[in-house]
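Participant: Quick one: this structure, given as structure tokens, is what I'll be asking you about.
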Amino acid sequence: MLKESFEVKDLGEAKFMLGIQITRTTNGYSLDQSSYIEKILKKYNYFDCKPACTPYDASVKLFKNTGDSVRQSEYASIIGSLRYAADYTRPDIAYVVGLLGRFNSCPSRVH
């Protein structure tokens, strides 16, 4: 079994790589994608939306779209962007992004 290991060497005070800001703190390193998230929100006109304390409302049941669809390519792009954030610095949104990704082929406004 091949085991890979990586070391973070002398990043200085802060570096920005692949949309992730890496900052050295007294406890180690901190990863932050807030500028990437802001860029996504602005790109898809969601920048002025209200933040929620939880990214998932379990009372909302999602079903296959049988009504009007939204642009599939834009929806898939949004989901892909959120997936990138979930994979690196926002594991708290991974479940809901995966759930919404199930509707990539025919999304609706509800999704």
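The values are calculated or read from the model by the stated rules, or taken from the named source; none is laboratory data. Because the structure is predicted, anything quoted here is derived from the model rather than measured. Cβ atoms come from the backbone with ideal geometry, glycine included; neighbour counts cover every protein chain shown.
Participant: Counting only residues that are closer than 16 Å to D57 by Cβ and among the hydroxyl-bearing types (S, T, Y), how many does the stretch 68-111 have?
Facilitator: The qualifying residues number 1.
Participant: Name the residue that is farthest from the chain's Cα centre (by Cα), counting only residues in the stretch 75-110 that are basic (K, R) and closer than 21 Å to K42 by Cα.
Facilitator: The extreme case among them is R109.
Participant: Quick one: in the stretch 1-20, of everything that is surrounded by 10 or more Cβ atoms within 10 Å (Cβ to Cβ) and part of a strand (DSSP E or B), which residue is modelled with the highest pLDDT?
Facilitator: I20
Residue-wise test of (1) surrounded by fewer than 12 Cβ atoms within 10 Å (Cβ to Cβ); (2) out of contact with any Ser or Thr (no Cβ under 8 Å at 6 or more places or on another chain); (3) assigned to a loop (DSSP other than H, G, I, E, B).
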position	(1), (2), (3)
I40	no, no, no
N65	no, no, yes
S69	no, no, yes
Y75	no, yes, no
G80	no, yes, no
A86	no, yes, no
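Participant: Mind checking which residues of the stretch 21-38 are exposed (fewer than 14 other Cβ atoms within 10 Å of the Cβ) and aromatic (F, W, Y)?
Facilitator: Y29
Participant: For the stretch 58-68, how many residues are within 16 Å of Y95 (Cα to Cα) and at pLDDT below 80?
Facilitator: The total comes to 0.
Participant: Follow-up. Check off (1) part of a loop (DSSP other than H, G, I, E, B); (2) among the polar types (S, T, N, Q); (3) at pLDDT 80 or above for S35 and give me the number that stays unchecked.
Facilitator: For S35, the exception is condition (1).
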